[in-house]
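**Student:** This is the structure, below, for whatever I ask next.
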């Protein structure tokens, strides 16, 4: 018994020649197999010119171009980047003059200082909550709260005060500190603190006036770096900060716009292992709306940042000779 329901008559459809219509993917955008002996930049170039492969290429290209032209490359980082063991990679980019400004949240400054002081960081939060020891490390609090007081007295930002104190104190692992590296390179390193979010705020030596004044000064130092970015063009990278640094960046973008700059010469990169709402909005979509260029890259920091750094450094140094 045939079906009682009407079928669509496909003979009514209009067809066309494939060659007359565009397609999103072509052979020219396909990946090229990487060959043994190839460089880091060869590896990136071998990726398909599609989706994240295309975005990664454009990010590496933008950072490389900015570095070659001596334009700003601002790196804003969440604490997780340090906890992933990437301080040596970022410090190398600072020392090479590729990263020209650094911004951390309060947790980033804590982990950076602990790596310099002790060569290790990141306590067991669950166990610390059970036994009441979480966040109660005396040396960390004394050092950072002391840096805030010293910075307030000297008229310095928080990042500058911490970096200088690490160097001047002769701590055993100062070479591992990004804030110390920035101080040596004479580039702005800012720390953007939300009161109550950091373990050092629980200690009696925490001075809200000193912390607030130093962090407020850092915000204005950061805003000046963003203004230079808007004036000259360059790259802004947000790596692993979900809320604090994207919001700080948004306000700095607004300040630059208010005094007559636009972001059309700015390339922003949002890098994290998941897509976070505020970071995507403030670092990617807002910049695109202001006619800047922006990409979002999803991947583990411990893989993505070394890959990007290697490709950028490789592009600066050119092919090996010999």
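The values are calculated or read from the model by the stated rules, or taken from the named source; none is laboratory data. The structure presented is a predicted model; accordingly, all values stated were derived computationally and were not measured. As a convention, Cβ positions derive from the backbone with ideal geometry for all residues, glycine included, and neighbour counts pool all protein chains shown.
**Student:** Restricting the stretch 216-245 to residues that are surrounded by 24 or more Cβ atoms within 10 Å (Cβ to Cβ) and assigned to a helix (DSSP H, G or I), which is nearest to the chain's Cα centre (by Cα)?
**Tutor:** The selected residue is 245.
**Student:** Just one of (1) in contact with a helix residue (DSSP H, G or I) (Cβ under 6 Å, 6 or more places away or on another chain); (2) part of a helix (DSSP H, G or I); (3) free of Cβ contacts under 8 Å to residues at least 60 places away in the same chain trips up residue 63, so point out which.
**Tutor:** (3)
**Student:** Please determine whether any residue of the stretch 215-225 is more than 25 Å from residue 154 (Cβ to Cβ), in contact with a strand residue (DSSP E or B) (Cβ under 8 Å, 6 or more places away or on another chain) and without any contact (Cβ under 8 Å) to a residue 40 or more places away in the chain.
**Tutor:** Start the filter on the stretch 215-225 by keeping residues that are more than 25 Å from residue 154 (Cβ to Cβ), which leaves none.
Looking through the stretch 215-225, none of the residues is more than 25 Å from residue 154 (Cβ to Cβ), in contact with a strand residue (DSSP E or B) (Cβ under 8 Å, 6 or more places away or on another chain) and without any contact (Cβ under 8 Å) to a residue 40 or more places away in the chain.
**Student:** From 68, 24, 57, grab the single residue that is surrounded by fewer than 15 Cβ atoms within 10 Å (Cβ to Cβ), within 30 Å of residue 228 (Cβ to Cβ) and under 34 Å from the mean Cα position of the chain (by Cα).
**Tutor:** Every option except 68 fails the conditions.
**Student:** Exactly one of these conditions fails for residue 105: (1) under 17 Å from residue 215 (Cα atoms); (2) surrounded by fewer than 24 Cβ atoms within 10 Å (Cβ to Cβ). Give me its number.
**Tutor:** (2)
**Student:** For residues in the stretch 300-315 being surrounded by 15 or more Cβ atoms within 10 Å (Cβ to Cβ) and over 13 Å from the mean Cα position of the chain (by Cα), which is modelled with the lowest pLDDT?
**Tutor:** Only one residue fits best here, namely 315.
**Student:** Would you pick out the residues in the stretch 155-188 that are part of a helix (DSSP H, G or I) and either more than 20 Å from residue 103 (Cβ to Cβ) or modelled with pLDDT under 95 (or both)?
**Tutor:** 168, 174, 175, 176
**Student:** Something else now. Where residues in the stretch 84-108 are in a helix (DSSP H, G or I) and more than 14 Å from the chain's Cα centre (by Cα), which of them is nearest to residue 311 (Cα to Cα)?
**Tutor:** Here the answer is 92.
**Student:** Which of the residues belonging to the stretch 254-281 are assigned to a helix (DSSP H, G or I), touching a helix residue (DSSP H, G or I) at 6+ places or on another chain (Cβ under 7 Å) and free of Cβ contacts under 8 Å to residues at least 40 places away in the same chain?
**Tutor:** Step one: list which residues in the stretch 254-281 are assigned to a helix (DSSP H, G or I), which gives 254-258, 277-281.
Those still in the list that are touching a helix residue (DSSP H, G or I) at 6+ places or on another chain (Cβ under 7 Å) too: 255-256, 278-279.
Those that are assigned to a helix (DSSP H, G or I), touching a helix residue (DSSP H, G or I) at 6+ places or on another chain (Cβ under 7 Å) and free of Cβ contacts under 8 Å to residues at least 40 places away in the same chain: 255, 256, 278.
**Student:** Still on this model: Being crowded, with 18+ Cβ neighbours inside 10 Å and either under 30 Å from residue 201 (Cβ atoms) or at pLDDT below 95 (or both) is true for just one of 29, 46, 87, 122. Which residue is that?
**Tutor:** The conditions single out 87.
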